[in-house]
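Peer 1: Quick one: this structure, given as C-alpha cells, is what I'll be asking you about.
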Amino acid sequence: MAPAKESRSLIGGFFRSLRANPASPSLELGDDVLTYEQLWNYAGKITAFLNGHLDRSQEVVAILASRSVAAYGGILGILGSGRGYCPLNPKFPLERTLVMLKASGCKTVIVGEECAATLESLLPHLEKPLTLIVPDRGWKPNGGLPAQHRVVSAREMVKVADPSDPAVRGDATAYLLFTSGSTGVPKGVAVSQSNAVAYMEYAAKRFGFRPSDRCSQNFDLTFDLSVHDLFTCWDAGATLCPYTEQTLTPATLVEEKELTCWFSVPSVAMFASKVGLLQRGAFPRLRWSLFCGEALSATLAEAWQQAANNSILENLYGPTEATIAITWYRWDSATSPAECVRGLVPIGWPFDGQQVCAVSEDLKPVPTGESGELCLGGSQVTRGDLNDPEKTAKSFVRLAHTGDKIWYRTGDLVLQDERGCLFYLGRRDFQVKISGYRVELQEIDLVLRQGAKTELAVAIPWPLSEGSASGIVGVVSGSDPALDTQIIAACEVRLPRYMVPTRIYHFPQIPLNVNGKIDRGKITDMLGTWKD
C-alpha cells in the first residue's frame, strides 16, 4: 500500500485566522477575552514542548480540562504539533476514565487547574508513568505525586512555536473519542485529519461563518460535536463563547453573549422552552440555528424558529464514525411540518461528496419509501473501531452493488423518499441518544444486573418526550427493593451521569417477545401506565 500523502490539518483554519487578524477575539470565557495571538501564545508553548520532548511514536496526547484556557489552548497545542488529541471528561467516573486512558495508549496528559481533584484521584490507579503538562501558571499537582510521573509546569514552557500548519498525513489521527460500548467497555473511534478536514471544508461553504460571528460552545469536549464548535468558529476568524456551568442554561447566553451562531442537541432547546426562553423574537441576532445529536421534533423546531426568527434552522445528522455530521435538512415553517414523519424533522440529504444508502438485513438497497438501515460512505467515514477488528468488520462493510467501497452501518432505521430526503425512524438495536449522548443500553444492563443480583434487569430510556428520552430508568424483577440505593450507587461509580438510572422500577415479571428476548417496547408501554 502506498504511503498516505501529506494533507491539510484540522488546525489549519485557526492559523489562517491568526495570521489574518491576530488582534481579533478568539475566545470569550465569562468576562475574559483572548485574542487569536494571545490564545496561540498559550497554545504555542505546548506545541513547542511536545515537538521538543516527545518522540513521534506518541501520536495522540490526552487532555484533562474543561471549559478553560487550558482546555482550548491544550487542544490547539496538541494539534499544532501534528498530533491528535484525546479528551478526558472530569465528570466521568474514575473507572471509565482509566479505561479510556489505557485504551488510548497516551503517555502524556495536559491537565487544567480546574481538574486538580480528578487528577489527584486518578494518579494512584495508573499502572504506567505519565508526563503531566500543567500549563496554568501558579499551579501544580499537590504533594504526594507518585514518583514515576513527570510534571511539566508552565515555567518550563517558555518558547512559543511558530504558527505554521504542521505536516501531517491524511490518515493521521486528529482526535480520538470514546463512545458507549455494547460490551460494557467504552469504544474508541479515531477520526483522521482527512476526515476532519473534509467536514470543515464543507461546513465552511455551507454555513459561511465570518469574523464578526459569535459562536456557541455547548458540547463537552468528549462529544464529537464540540469539534464543530471550535473549528468552524476559528476557521472563520470568529469568537468562541463557551457555556459555563454557572449559567442556568446555555440558551441564556444567546442574548448575554450576543451570539449569532448556535449549535446544540434538541434537549437544550427543550429545556429553554420549559423555562420560558423561547418567546417569539427572543433571539433576533442569531443567523444560524443548528441542531444535531438526537431526534428533533417538529414542535420544538418551530418554537425555536419563532424565537430565532432571523436565523436559518437546520437539523444535522451523523454518528462519530462519520465525523460530526453528514446530512442536513433546512427547516421551513411553511412546508416542513407536513414533511415530518412521526412528528420528527427529517434528517435530509447528504453533504456534498458523501453518500447514503438504506439497506435490508442482507445489505441490499431497499426500494424508495421503505424502511432500511442507513449506511454511510465518503471521505468523512472513519477507519473503524480502535483495536477491535472484529467489531470493525461488522460495522464497516462493503455493499455488493458498490464494489470495494467501505460503508459504515449506523444501526439507524430510515426511509428515503423520491427526492432522496431521509427520514429517521429509530434504532435497529438498543442504542439510544440521551441528551445527545450515544448510549448502549446493554452497557447499563450489565451494571444493573450486577447491582440487583439478578439477570432480570434492563435499562429503559424514560421518560419519553417528542421522540427522545431525557433519562434512563432501571426495570428489575426478583430483586430486593432495599437494594435500590445500592444499585444506583454502583451505576454512579461506573457510568457517566447521563447513563445513571434515575429510578428503579420493580416488575413482577419482565415481558418477553415471541423470540424469548426482553421486550423493551412492551416495558416502555407498561411504564406509561405504571402506578406506584
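The values are calculated or read from the model by the stated rules, or taken from the named source; none is laboratory data. Keep in mind it's a predicted model, so treat the numbers as computed, not measured. Here the Cβ is made from the backbone with ideal geometry for all residues, glycine too, and neighbour counts use every protein chain on show.
Peer 1: Would you point out the residue of the stretch 399-409, among those that are modelled with pLDDT under 95 and outside any loop (DSSP other than H, G, I, E, B), that is nearest to Q355 (Cα to Cα)?
Peer 2: T402
Peer 1: Quick one: would you say V458 is closer than 19 Å to R96 by Cα, in contact with a Leu (Cβ under 9 Å, 6 or more places away or on another chain), surrounded by 23 or more Cβ atoms within 10 Å (Cβ to Cβ) and not assigned by TED's automatic domain parsing to the domain that holds T327?
Peer 2: no
Peer 1: Also: Could you run through the stretch 342-387 and say how many residues are at negative phi and exposed (fewer than 15 other Cβ atoms within 10 Å of the Cβ)?
Peer 2: Count: 8.
Peer 1: Test Y437 against the stated conditions and say whether it is out of contact with any strand residue (DSSP E or B) (no Cβ under 8 Å at 6 or more places or on another chain) and crowded, with 18+ Cβ neighbours inside 10 Å.
Peer 2: yes
Peer 1: Touching an Asp or Glu at 6+ places or on another chain (Cβ under 8 Å), closer than 21 Å to T239 by Cα and either outside any loop (DSSP other than H, G, I, E, B) or not assigned by TED's automatic domain parsing to the domain that holds C340 (or both), is that true of F263?
Peer 2: Yes.
Peer 1: How many residues, within the stretch 374-403, are β-branched (V, I, T) and without any contact (Cβ under 8 Å) to a residue 24 or more places away in the chain?
Peer 2: Here the count works out to 1.
Peer 1: Still on this structure, please answer the following. Give me a count of the residues in the stretch 338-363 that are assigned to a loop (DSSP other than H, G, I, E, B), modelled with pLDDT of 95 or more and among the charged types (D, E, K, R).
Peer 2: 1
Peer 1: Tell me, which residue of the stretch 160-193 that is of a type outside the set (G, A, S), out of contact with any strand residue (DSSP E or B) (no Cβ under 7 Å at 6 or more places or on another chain) and closer than 17 Å to L10 by Cα is modelled with the lowest pLDDT?
Peer 2: My answer is D165.
Peer 1: If a residue counts only when it is surrounded by 18 or more Cβ atoms within 10 Å (Cβ to Cβ), which strands (runs of 3 or more DSSP E) contained entirely in the stretch 5-95 have at least 3 such residues?
Peer 2: By residue number, 25-29, 60-64, 84-88.
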